[in-house]
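Okay, so here's the structure we're looking at.
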Amino acid sequence: MVGKNLATARKWFAAAARQGQPDALFNLGAMTANGEGGAKDPAAAYVLFNLATQAGYDGAAGALKALTPTLTADERKRAEAVLHPRVASSH
């Protein structure tokens, strides 16, 4: 029987998420929201759930809706900065 290795699972989901795989984005978001296999980071989970929703993953919108009211103002700001980076003007 193979035991759960959450850190390894999180590493593999992260690799697949970087390739844009919707299920990996969602699963990594869930692990990140719950602090499974690594640090708990609600702002990063918000970003991942957003990306999974945009990629059409069923269930991601519900997870995003549940997570959003739990974010602090700072977490929301950090997440939005990742999702909507501002381009510095070069004058």
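The values are calculated or read from the model by the stated rules, or taken from the named source; none is laboratory data. Source: prediction; values computed, not measured. Backbone-built Cβ (ideal geometry, glycine too); neighbour counts: all protein chains shown. Heavy atoms of the whole protein, side chains included, go into the accessibility calculation; ligands, DNA and RNA do not. Shrake-Rupley method; radii C 1.70, N 1.55, O 1.52, S 1.80 Å.
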Cβ-Cβ under 6 Å, sequence separation 6+ or interchain: first residue in region 21-33 and hydroxyl-bearing (Ser, Thr, Tyr), partner open to solvent by 30 Å² or more (accessible area, probe 1.4 Å). Which pairs? THR32/ASP41; THR32/ALA44
Evaluate the following for GLY56: is it assigned to a loop (DSSP other than H, G, I, E, B) and either of a type outside the set (Lys, Arg) or surrounded by 15 or more Cβ atoms within 10 Å (Cβ to Cβ) (or both)? yes
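Residue check: is THR8 in contact (Cβ under 8 Å) with a residue 12 or more places away in the chain and in contact with a Pro (Cβ under 8 Å, 6 or more places away or on another chain)?
Criteria not met by THR8.
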Quick one: LEU64 ticks every box in (1) open to solvent by less than 60 Å² (accessible area, probe 1.4 Å); (2) of a type in the set (A, V, I, L, M); (3) free of Cβ contacts under 8 Å to residues at least 24 places away in the same chain; (4) over 19 Å from LEU83 (Cα atoms) bar one, so which box is it? (4)
Within 11 Å of GLY29 (Cβ to Cβ), of a type in the set (Gly, Ala, Ser) and touching a helix residue (DSSP H, G or I) at 6+ places or on another chain (Cβ under 8 Å): does that describe ALA55? no
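For (1) surrounded by 14 or more Cβ atoms within 10 Å (Cβ to Cβ); (2) among the acidic types (Asp, Glu), each residue gets a yes or a no:
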position: ARG18; (1), (2): no, no
position: ALA39; (1), (2): no, no
position: ALA44; (1), (2): yes, no
position: ARG76; (1), (2): yes, no
position: GLU80; (1), (2): yes, yes
Under 8 Å between Cβ atoms, at least 6 apart or on separate chains: pull out the pairs that start in region 45-57 with a residue that is within 17 Å of GLN19 (Cβ to Cβ) and end on any residue that is open to solvent by 10 Å² or more (accessible area, probe 1.4 Å) and of a type in the set (Phe, Trp, Tyr). LEU48/PHE26; ALA52/PHE26; TYR57/PHE26
